[in-house]
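*Asks:* Below are the structure tokens for one structure; questions will follow.
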Amino acid sequence: MAIWQPDEGETLLYRSRVSFATGEAIRVRGMRWFRDTERRDIQGELEGWPDGPSYEVRTLRAALGRQAPRVALMALGVAVMVALSAAGGNLSGGSGDSGQDKPDDRADEVDDYPVMWAAPGTIARTLPWQLDPGRSSLKHYRTHLIVTDRRLVLVGLPYDEKKRDSVQDEVLWEAPRDVIDRVEPKDFKTGWDVKIHFRDGSWVRWTVARRRRLLKRLDTSRRLVAPESLPLQHQSTIREFMARQPADAGPPIIMRNTCGCYLLFVCSPTQVDAFFGSRIWHTSISAEGHEHDSPHPEDLEG
């Protein structure tokens, strides 16, 4: 197949890259494990999975030894920053979503790093091996997560940095939306991870692109709003927004935020970048029905 398409009457809400996460703490950096609820390694039990790398948590001494060159570089960087500051240099950083140095869960982020937690027969064990960077090269292959109003779909596609508009999807996995119990942002280090909790008690930890956007799309408290159900002023603003979009941009999608404003966006099912995912255009509409000049933080897309 070429670019994956939703069924008739199905609304595409999100498409972007996804993979199993990777440890960042010094004892587990660059590693990940697949565990059952007794914390046993189960990667050899996952049906259809090829052999992959086998990791061991580093001892504290080994971890500190690996960290020594990095610490030296950091110390040099601090010295340079102090010198720049003394000379009047601007040391302010950028803004935006970022991670945190303090782990939320030491057992699963510092002492161990499971990216799958699954008893036999649970949903997490059905996920495709192509999500694992240890088994599938990110240089030549990508996996994308697709979210619609009905289901979750995982697709795989060959990747060529010079031909990112050439997309040939292969469906790897899909499930109805209601298999998800909740989605938890995980901020340790990178701030790009989410933990997907399934209703059967299993979970997975993924690194995703456009994380804030994904959290909104999977938030069960955010219902889709039919354009025709809104007041005339809102409908007029929606028509004006859609008139500025490409003909194949997709239908207008409206979600109501708790502040009373509306998020309006279109997610193109045909304009797909192999690295970033679907092209999205968005704006926010005030409670009075006008495009927002000063949107609230929750009105902003990630």
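What follows draws every value from the coordinates through simple rules; no lab data is involved. Here the structure is a predicted model, which is why all the values come from computation and not from measurement. Every residue, glycine among them, receives a Cβ derived from its backbone with ideal geometry; neighbour counts consider all protein chains shown.
*Asks:* Whole percent per 10 Å bin, from 0 to the bin with the longest distance: what is P(r) over all C-alpha pairs of the chain?
*Replies:* 6, 23, 29, 23, 14, 5, 0
*Asks:* What whole-number distance in Å separates the alpha-carbon centres of the stretch 9-62 and the stretch 217-256?
*Replies:* 37
*Asks:* Measure nothing fancy, just the Cα-based angle from helix 232-243's long axis to the longest principal axis of the chain, in degrees from 0 to 90, nearest 10.
*Replies:* 70
*Asks:* For the stretch 224-299, what is the Kirkwood hydrodynamic radius in Å, using each pair of distinct C-alpha atoms?
*Replies:* In the stretch 224-299 this quantity evaluates to 12.9 Å.
*Asks:* As a footprinting exposure proxy, order Cys267, Cys259 by other Cβ within 10 Å, with the fewest listed first.
*Replies:* Cys259, Cys267
*Asks:* For Lys186, give me every one of the lysines with a C-alpha distance below 20 angstrom, ignoring sequence neighbours fewer than eight places off in its own chain.
*Replies:* In chain and number order, the partners are Lys102, Lys195, Lys216.
*Asks:* To continue, here is another question. With +1 assigned to the C-beta of every Lys and Arg and -1 to the C-beta of every Asp and Glu, and no other charges, what is the dipole magnitude of the chain about the Cα centre in debye, to the nearest 20?
*Replies:* Its charge dipole is roughly 820 debye.
*Asks:* Now a separate question. Cross-link candidates for Lys162: which aspartates and glutamates have Cα within less than 16 Å, leaving aside residues fewer than 8 places away along the same chain?
*Replies:* Reachable aspartates and glutamates: Asp273.
*Asks:* Please report, in debye to the nearest 20, how large the charge dipole of the stretch 178-302 is about its Cα centre when each Lys and Arg carries +1 at its beta carbon and each Asp and Glu carries -1 there.
*Replies:* Around 440 debye, computed over the stretch 178-302.
*Asks:* Okay, moving on. How far apart, in nanometres, would the label points at Arg151 and Gln245 be if each is projected 7 angstrom from Cα along the Cα-to-Cβ direction?
*Replies:* Distance between the two pseudo-spin positions: 2.3 nm.
*Asks:* Name the residue from Trp129, Pro53, Ser166 whose Cα lies farthest towards the positive end of the charge dipole of the chain, charges +1 on Cβ of Lys and Arg and -1 on Cβ of Asp and Glu.
*Replies:* Ranked along the dipole, the leading option is Pro53.
*Asks:* So what's the projected area for the stretch 261-302, the Cα convex hull averaged over all directions, in nm²?
*Replies:* Across all orientations, the stretch 261-302 yields a mean hull projection of 3.4 nm².
*Asks:* For the stretch 130-262, taking Cα atoms only, what is the radius of gyration to one decimal and the Dmax to the nearest whole Å?
*Replies:* Looking at the stretch 130-262, its Cα Rg and Dmax stand at 17.7, 53 Å.
*Asks:* Could I ask something else about it? Determine the calculated [θ] at 222 nm for the chain from helices alone, applying -39500 (n - 2.57) to every DSSP H run no shorter than 4 residues and normalising by the residue count; nearest 500 deg cm²/dmol.
*Replies:* Only helices count here, giving -5000 deg cm²/dmol.
*Asks:* Short version: ³J(HN,Hα) in whole Hz for each residue of the stretch 2-11, in order, from phi by Karplus 6.51 cos²θ - 1.76 cosθ + 1.60 (θ = phi - 60°), x for Gly and Pro, what are they?
*Replies:* 9, 6, 4, 10, x, 5, 4, x, 9, 10
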